Each structure stands twice: as C-alpha cells, then as structure tokens.
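Presented below is the structure to which this report refers.
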Amino acid sequence: MRYSRMTPVLVQRGVLLGALVLLACPACPPRANEVYKTVDAEGHVVYSDRADTSAQKSAVRVDPPNRTEAARIAQEQEILKAEEIQRNRQKSVDDAKKAQADRAAQVQCDNARSRYYALKDARRVYQRDADGNRIYYSDQEADAKREDARQAVTTACGS
C-alpha cells in the first residue's frame, strides 16, 4: 500500500473547501431550537432537548458565523500550514547534513584507529622511498609515529 504526501496544492484545496463549508453552514437551520433545563435531586443542572415534567424552557440563540472572520481564519490556517511544511523541509535538510557529517567523522575515526593499530602492532615501522624501497625508522622515530597516530585517534574519535 502506498501513501502519498499531501502536496501544498491539495492542502490549499482542502482549506478552501473547509472555508466554503463554513460559509455555507449559516444557511442551515439549527437542529435543536429548544433546550430544557432541569435540576436533579442533588442540585446538578441538566440541559436536554427533551422536556421533563419539571423542566424550564430556555431560549437558545445561535449566532451565524462571520464570513469575513471565517475567511481570515482559513487564510491564517493556510499560512500556518505552509510555514509548517517549510519548517519540516528545512529540518529534513538539516538532518541529512548532520547524518552526512556524522558519517564523515566516523570514517575519519575508523581510518585513524586503523592506522594506529597498524603502527602499534608492527614490529618495525618504515616508509617507502620514491623507488619503493623500505626505509626503516629508528626505535625513537617509530615510537614518535605511534604517539602521533594515538593522538590522531584521540582527535578524530574524541577519546
């Protein structure tokens, strides 16, 4: 089953449809014109559309909604929805950037850790010259390289 996202056009149409429904409702008469008020034996007030023997008839006045206010509210809701969509898009872009930065940091940490373990486990540390020949470091130079690699791990991994 596929779920599609609501596009701004669909949201706008939905808001406009809702505004039209609100504007059309004042033409509909209210269903209950009479409300009855009763007080039970414990003193609780009960409102109902059915009369009891001791009920008092209460008049209910229904004010029709203001058309300009309904249009203003619909427009305000449309603006808020558009702002929310924009915030969600920006959040997803920011989340993607953060995830990419986290992956890059993890790769850097893994590379530094791998280099350190390779130097730590090597019996003799060397480098290659232009011809591909090995040039071995002295014990002090090898220890310095291992220490540099350990500091690189600390810097890249944070611990």
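Yes/no matrix, rows are residues, columns are (1) loosely packed, with under 12 Cβ neighbours inside 10 Å; (2) touching a residue at least 24 places away in the same chain (Cβ under 8 Å); (3) in contact with a helix residue (DSSP H, G or I) (Cβ under 6 Å, 6 or more places away or on another chain); (4) not hydrophobic (A, V, I, L, M, F, W, C):
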{"position": "Arg72", "(1), (2), (3), (4)": "no, no, no, yes"}
{"position": "Ile79", "(1), (2), (3), (4)": "yes, no, no, no"}
{"position": "Glu83", "(1), (2), (3), (4)": "yes, no, no, yes"}
{"position": "Lys91", "(1), (2), (3), (4)": "yes, no, no, yes"}
{"position": "Ala105", "(1), (2), (3), (4)": "no, yes, no, no"}
{"position": "Ala122", "(1), (2), (3), (4)": "no, no, no, no"}
{"position": "Gly132", "(1), (2), (3), (4)": "yes, no, no, yes"}
{"position": "Ser138", "(1), (2), (3), (4)": "yes, no, no, yes"}
{"position": "Arg146", "(1), (2), (3), (4)": "no, yes, yes, yes"}
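Limited to region 61-70, what total is found for residues that are among the hydrophobic types (A, V, I, L, M, F, W, C) and surrounded by 11 or more Cβ atoms within 10 Å (Cβ to Cβ)?
The number of residues fulfilling the criteria is 1.
Is it the case that Val60 is under 30 Å from Tyr36 (Cα atoms), without any contact (Cβ under 8 Å) to a residue 40 or more places away in the chain and not polar (S, T, N, Q)? Talk me through it step by step, then tell me what you get.
Details: under 30 Å from Tyr36 (Cα atoms): yes; without any contact (Cβ under 8 Å) to a residue 40 or more places away in the chain: yes; not polar (S, T, N, Q): yes.
When the stated conditions are applied, Val60 passes them.
What number goes with the only condition from (1) over 30 Å from Gly14 (Cβ atoms); (2) more than 39 Å from the chain's Cα centre (by Cα); (3) not hydroxyl-bearing (Ser, Thr, Tyr) that Val62 does not pass?
(1)
Hey, could you check region 124-159 for residues that are small (Gly, Ala, Ser) and under 30 Å from Arg103 (Cα atoms) and say which is modelled with the lowest pLDDT?
Ser159
Confirm whether Arg123 is part of a loop (DSSP other than H, G, I, E, B), charged (D, E, K, R) and either over 30 Å from Thr38 (Cβ atoms) or over 43 Å from the mean Cα position of the chain (by Cα) (or both).
yes
Looking for whichever is over 30 Å from Gln12 (Cα atoms) and either under 29 Å from the mean Cα position of the chain (by Cα) or in a helix (DSSP H, G or I) (or both) here; the options are Ala96, Ala142, Ala74. Which one fits?
Among Ala96, Ala142, Ala74, only Ala142 is over 30 Å from Gln12 (Cα atoms) and either under 29 Å from the mean Cα position of the chain (by Cα) or in a helix (DSSP H, G or I) (or both).
The values are calculated or read from the model by the stated rules, or taken from the named source; none is laboratory data. What you see is a predicted model, and the numbers here were worked out from it, not measured in a lab. Neighbour counts are summed over all protein chains in view; Cβ atoms, including those assigned to glycine, are modelled from backbone coordinates with ideal geometry.
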